[in-house]
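These notes concern the structure reproduced below.
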């Protein structure tokens, strides 16, 4: 039987990374919620600045706290991609809705795929993998929404609600990226605090039919040893 190495202490050490990642995402969510202007230029400015901050925090914190070398490299690449797309957004604030769609979609496809790949690669070795896969899937879903919403969508509001104004694709897309930021930001805060407060410690056990010892996380029941203690 092949040994599966899983040290909860190494996972717990990672907790500052999701907490730091959450900050610019929550700012993105708050700004798009409370600012009435949902134009493409506002979307590019807010998305660009928060994505640059998020990319820097992800790259630096992952390099400092992520133990696995290949996962650390992928996280740094993911952070660099965020900085690049953030700069493009800030340098083209007058690019309009097509630029916003291109920037957000490109960023979401690349970073979502990287995070999903990292999670799939580490799914048997780290409890962080499940969260990485979920975050990668959510980011790819953001890209999908940006691809399916028509850029020329416009609907006059009114009806029985008597709401004045026009619902446009810009309003929808800026609102969607803000909702993504709020949702993922809250998730990352929960992830980070859960890692910080976990108490599991690695243990080893001898695999059946093998002389090799494999790690086991404390907190698992050890019925056989307990029964043996009672019988003695």
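None of the figures in this text is laboratory data; all of them are computed from the coordinates on show. Model, not experiment: these values are computed from the prediction. Counting neighbours? That spans all protein chains shown, and the Cβs are built from the backbone with ideal geometry, glycine included.
Kindly give Rg over Rh for region 8-198, based on alpha-carbon atoms, with the Kirkwood expression for the hydrodynamic radius. Please list the in-between numbers first.
Values: Rg = 17.3 Å, Rh = 17.0 Å.
Radius of gyration over Kirkwood radius for region 8-198 works out to 1.02.
Order these by the 10 Å Cβ neighbour count, fewest first: 68, 152, 11, 37. Present the calculation step by step, with values, prior to reporting the outcome.
Details: 68 17, 152 7, 11 20, 37 11.
Final ranking by Cβ density, sparse to dense: 152, 37, 68, 11.
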| task | Go from 0 up to the bin containing the longest alpha carbon distance in region 82-145, width 5 Å each, and give me the % of pairs per bin. | result | 4, 20, 22, 18, 14, 10, 6, 4, 1, 0
| said: Could you tell me the calculated FRET efficiency between residue 148 and residue 23, based on Cβ-Cβ distance and R0 = 35 angstrom, to the nearest 0.05? | reply: 0.75
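Could you rank the peptides 72-81, 116-125 by their average count of other C-beta atoms within 10 Å per residue, with the highest value first?
On the way: 72-81: 19.1, 116-125: 17.0.
With the highest mean Cβ count within 10 Å placed first, the list reads 72-81, 116-125.
Using 0.36 nm times the number of residues separating residue 60 and residue 140, minus their current alpha carbon distance, what extension gain do you get? Mind dumping the intermediate values first?
Details: separation 80, 0.36 × 80 = 28.80 nm, distance 2.33 nm.
Computed gain between residue 60 and residue 140 is 26.5 nm.
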| note | Expressed in nanometres to one decimal, the distance between label points 7 Å along Cα→Cβ at residue 155 and residue 124 is 4.8 nm
| message | Give me the extension gain from residue 194 to residue 113: residue separation times 0.36 nm, minus the current Cα-Cα distance, reported in nm with one decimal. | response | 26.7 nm
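So how much slack lies between residue 30 and residue 80, counting 0.36 nm per residue of separation and subtracting their Cα-Cα distance, in nm?
Numbers: separation 50, 0.36 × 50 = 18.00 nm, distance 2.41 nm.
This chain segment gains 15.6 nm when fully extended.
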